[in-house]
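A.B. asks: Could you have a look at this structure, given as C-alpha cells, before my questions?
The values are calculated or read from the model by the stated rules, or taken from the named source; none is laboratory data. As the structure is a computational prediction, the values presented were derived from the model and not from experiment. Glycine gets a Cβ as well: all are built from the backbone with ideal geometry, and neighbour counts include every protein chain shown.
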Amino acid sequence: MSSSIKQIVKRDGTVVAYDRDRIATAIFKAAVAVGGSDRAEADRLALLVEKKLEATFGAGAIPSVEEIQDLVEETLIKEGHAKTARAYILYRHERQMARAQRAYKFEATDNIPYKKIYEVLRWNMDHGCDTIDGLNEIIASGRFPDLIAACEERYDLEVKTGAEKFIERLPEVRVFFIAGPSSSSKTTTTIKVSEKLAQENMEFLAMNIDHYFFNLEQHPKDEFGDYDYETPHALDLKLIDRHIADLLAGKTIKTPHYDFKTGQRTLDVYEMKLAPNQLLLIDSLHGLFGEMTQSTPDSKKFKLYIETLGQVRNREGLFMRWADNRLLRRMIRDSWHRNLQPEQTLTHWHYVRRSELRNIIPFIGTVDFLVNSAMPFELPILKDRLFKYFPPAMEKFKNDPKRQDAYVRAKRVFETLKDLTPVADDSPVPTTSLLREFIGGSSYKY
C-alpha cells in the first residue's frame, strides 16, 4: 500500500524519504522492551499512524519527525498499548541522548550546542526553578519577584556579552543579524542590543525585513489553504540581498512598505543610506537563511541566535519543549496584535514548527553567539492567561483527523502545566522585560 507521504523533515532540518517500516520497527522495539513479540501488530499500528499523517497533513505534505513521533505515542495509547507507549517515550529519549553523545558537545535537539543546554539546566537548578514543584515552592514562599530579577539579570548579561563579541570583530563586520524562531523575542533583543551599542557610542541603522513580504496572493499556502508567513520564500529574498549589498557599498536604496491589513506592498517607499560610521542592524526570523545575504561576505556578518532554551520538568520528569514555550507566547501576542483567537494559533502552529525545522535549524551552526530567552518565571504567568483554552481544544480536536497535531500539542502543554501554580499579578515584571513583548505593558515601542 503506497503512502501519499513521500518525505519527512529530520531534527537537523534535512529532508529524507519517508519509510513506514521505520515507524513499525521503533514500535516493535518498544513492545519487545515490555515483553511483546507481535511484529504484525507493530505493522498494523504503523499503518494507523500513516493514515493519521495523511488525514492530518494531506497528500504531498512533509511532516517532521517530531510530528510523527507525537502521533505514534498518541496511537499507542488509543489502541490500548500504554506500556508500549511508555517504552516508546523512553526509547525516544534514549535516542536523543545517544545523538548528543555521538556529537560530543553538540546536542541534536534543534542543533543547539549541548554545552549551552547544560549551562541553562545548571542555572535553573541553582535557582530552584528546574521543576514545576520548584516553581511552586518559589511562588508559595514569596520569592517569585526575586526569580524574576535573577532571570532578567541573566538575560541582560547574555545580550551584553553578544554585543561585546560583535564589537570585537569591528571594523570588518558591518551587519548585525538577530535571528531566531517565532516568538523567541527577537524584537526585544534587537532593542537591547541597540542600547548596548549606543552605550559604546556606535551608530546603527535598523532594516525592517517585514516590509519585504510579497503581496499576499503570491505567498505560498499550507495544506489548509492558509497563507504561510513563516517560510522565507514569502519574502523577496533577491531584493533583500541586493539592498543589503548596496547599503554596504555606500549606495542609497528605497525599501518597500508592506501593509499587513491589506496584504499588499508598495515598492520604493523608505530611503535608506548607511553612513561609513554606521552599522546595519537586522532582526529577522530568517536571518540565517543563505539566500537573504548571499552577496555579502561572511566576514562582514555577525549572527546572534535567540531561542527559548528552557529546562523545566513536570512531575513526570519530562521537559517542556522550547517550541511549546514559544507557542504560549504567540497565542497571547496573536490575540491582541493579529486579532487571532488562541485556538487559531494552536491549529496553525504545526507549519510554524515545520518551517523552523526546514529553514532555520539547519543553519544554526553558522551563528556567532547564542542567547537563551526562556524565563522560568513566565510559565506561571502564561498559565494564568492561557491554560483555560487547552481543555476545550483537546476535546474539540481529539476526534478530528485533520487536527491531530493540535490535539497532541494541546494535551502535551496541558500535562506540562496542570500542576503549576498560576500567577495573575505581573507587576513585578519590569517594563523592559522581553515577556512584555507578548503580554503587554512594555516601555519599548514595537
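A.B. asks: Pull out all pairs, ordered by first then second residue, where Cβ-Cβ is under 9 Å, the residues are six or more apart or on different chains, the first lies in the range 312-336 and is farther than 26 Å from Arg122 by Cβ, and the second is basic (Lys, Arg) and part of a helix (DSSP H, G or I).
C.D. replies: Pairs that qualify, where the first residue is farther than 26 Å from Arg122 by Cβ and the partner is basic (Lys, Arg) and part of a helix (DSSP H, G or I), are Met331/Arg385; Ile332/Arg385.
Per-residue answers, yes or no, for (1) outside the structural domain of Leu197 (by TED's automatic domain parsing); (2) over 30 Å from Lys52 (Cβ atoms); (3) aromatic (Phe, Trp, Tyr); (4) at pLDDT 95 or above:
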position	(1), (2), (3), (4)
Gln96	yes, no, no, no
Asn111	no, no, no, no
His127	no, yes, no, yes
Glu137	no, yes, no, yes
Ser141	no, yes, no, yes
Glu158	no, yes, no, yes
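A.B. asks: Here's a follow-up. Can you find a residue that is closer than 23 Å to Tyr305 by Cβ, in contact with an Asp or Glu (Cβ under 9 Å, 6 or more places away or on another chain) and assigned to a helix (DSSP H, G or I) anywhere in the range 379-391?
C.D. replies: Checked the range 379-391: no residue is closer than 23 Å to Tyr305 by Cβ, in contact with an Asp or Glu (Cβ under 9 Å, 6 or more places away or on another chain) and assigned to a helix (DSSP H, G or I).
A.B. asks: Then there's this: If you scan the range 363-406, which residues turn out to be in contact with a helix residue (DSSP H, G or I) (Cβ under 9 Å, 6 or more places away or on another chain) and over 22 Å from Met320 (Cα atoms)?
C.D. replies: Result: Phe363, Gly365, Thr366, Asp368, Phe369, Lys396, Asn399, Asp400, Pro401, Lys402.
A.B. asks: In addition: Residues in the range 270-317 that are touching a helix residue (DSSP H, G or I) at 6+ places or on another chain (Cβ under 8 Å) and either of a type in the set (Lys, Arg) or farther than 19 Å from Asp241 by Cβ (or both): how many?
C.D. replies: The number of residues fulfilling the criteria is 16.
A.B. asks: Is it the case that Leu76 is hydrophobic (A, V, I, L, M, F, W, C), closer than 30 Å to Gly365 by Cβ and modelled with pLDDT of 85 or more?
C.D. replies: So Leu76 fails the test.
A.B. asks: Take the conditions assigned by TED's automatic domain parsing to the domain that holds Leu309 and in contact with a Lys or Arg (Cβ under 9 Å, 6 or more places away or on another chain) and apply them to Asn201. Does it pass?
C.D. replies: Values: assigned by TED's automatic domain parsing to the domain that holds Leu309: yes; in contact with a Lys or Arg (Cβ under 9 Å, 6 or more places away or on another chain): no.
Spelling it out, it is not the case that Asn201 is assigned by TED's automatic domain parsing to the domain that holds Leu309 and in contact with a Lys or Arg (Cβ under 9 Å, 6 or more places away or on another chain).
A.B. asks: Out of curiosity, is Val371 surrounded by 21 or more Cβ atoms within 10 Å (Cβ to Cβ), among the β-branched types (Val, Ile, Thr) and outside any helix (DSSP H, G or I)?
C.D. replies: yes
A.B. asks: Which one is nearest to the chain's Cα centre (by Cα), of the residues in the range 179-209 that are surrounded by fewer than 16 Cβ atoms within 10 Å (Cβ to Cβ) and of a type in the set (D, E, K, R)?
C.D. replies: Step by step, filter the range 179-209, then rank; the result is Glu195.
A.B. asks: Looking at (1) closer than 23 Å to Pro181 by Cα; (2) at pLDDT 95 or above, can you tell me which one Ile253 breaks?
C.D. replies: For Ile253, the failing item is (1).
A.B. asks: Kindly indicate whether Met394 is modelled with pLDDT of 90 or more and under 16 Å from the mean Cα position of the chain (by Cα).
C.D. replies: no
Conditions tested, residue by residue: (1) surrounded by 16 or more Cβ atoms within 10 Å (Cβ to Cβ); (2) in contact (Cβ under 8 Å) with a residue 12 or more places away in the chain.
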position	(1), (2)
Ser3	no, yes
Ala31	yes, yes
Ala40	no, no
Lys52	yes, yes
Thr75	yes, yes
Lys83	no, yes
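A.B. asks: Separate question: In the range 62-89, how many residues are out of contact with any helix residue (DSSP H, G or I) (no Cβ under 8 Å at 6 or more places or on another chain) and not in a helix (DSSP H, G or I)? Outline the logic, then answer.
C.D. replies: Start the filter on the range 62-89 by keeping residues that are out of contact with any helix residue (DSSP H, G or I) (no Cβ under 8 Å at 6 or more places or on another chain), which leaves 65, 78, 80, 83, 86.
Still in the list and also not in a helix (DSSP H, G or I): 80.
Adding up the residues that qualify gives 1.
A.B. asks: If only one of Arg313, Arg385, Arg326 is of a type outside the set (Gly, Ala, Ser), out of contact with any strand residue (DSSP E or B) (no Cβ under 9 Å at 6 or more places or on another chain) and under 24 Å from Phe144 (Cβ atoms), which one is it? Show your work before the answer.
C.D. replies: Working: Arg313 fails: out of contact with any strand residue (DSSP E or B) (no Cβ under 9 Å at 6 or more places or on another chain); Arg326 fails: out of contact with any strand residue (DSSP E or B) (no Cβ under 9 Å at 6 or more places or on another chain).
Going through Arg313, Arg385, Arg326 in turn, the sole match is Arg385.
A.B. asks: Then there is this: If a residue has to be over 22 Å from Val371 (Cα atoms) and either without any contact (Cβ under 8 Å) to a residue 24 or more places away in the chain or among the polar types (S, T, N, Q) (or both) to count, how many in the range 135-162 make the cut?
C.D. replies: Within the range 135-162, residues that are over 22 Å from Val371 (Cα atoms) and either without any contact (Cβ under 8 Å) to a residue 24 or more places away in the chain or among the polar types (S, T, N, Q) (or both) number 6.
A.B. asks: Among the residues of the range 235-254 satisfying the criterion of being β-branched (Val, Ile, Thr) and more than 24 Å from Ser355 (Cβ to Cβ), which is surrounded by the fewest Cβ atoms within 10 Å (Cβ to Cβ)?
C.D. replies: So, considering only residues that are β-branched (Val, Ile, Thr) and more than 24 Å from Ser355 (Cβ to Cβ), the one surrounded by the fewest Cβ atoms within 10 Å (Cβ to Cβ) is Thr252.
A.B. asks: Here's a follow-up. Select from the range 120-167 the residues that are assigned to a helix (DSSP H, G or I), farther than 21 Å from Ile191 by Cβ and among the β-branched types (Val, Ile, Thr) and list them in ascending order.
C.D. replies: Of everything in the range 120-167, those that are assigned to a helix (DSSP H, G or I), farther than 21 Å from Ile191 by Cβ and among the β-branched types (Val, Ile, Thr) turn out to be Val120, Ile132, Ile138, Ile139.
A.B. asks: Would you be able to tell me the number of residues in the range 5-17 that are in contact (Cβ under 8 Å) with a residue 40 or more places away in the chain and out of contact with any Phe, Trp or Tyr (no Cβ under 7 Å at 6 or more places or on another chain)?
C.D. replies: As a first pass, look at the range 5-17 and keep what is in contact (Cβ under 8 Å) with a residue 40 or more places away in the chain: 5-15.
Still in the running and out of contact with any Phe, Trp or Tyr (no Cβ under 7 Å at 6 or more places or on another chain): 9-15.
Of the residues in that region, 7 qualify.
A.B. asks: Select, from Lys388, Lys300, Lys273, the only residue that is at pLDDT 90 or above, touching a Gly at 6+ places or on another chain (Cβ under 9 Å) and surrounded by fewer than 18 Cβ atoms within 10 Å (Cβ to Cβ).
C.D. replies: None of the other options fit; the residue is Lys273.
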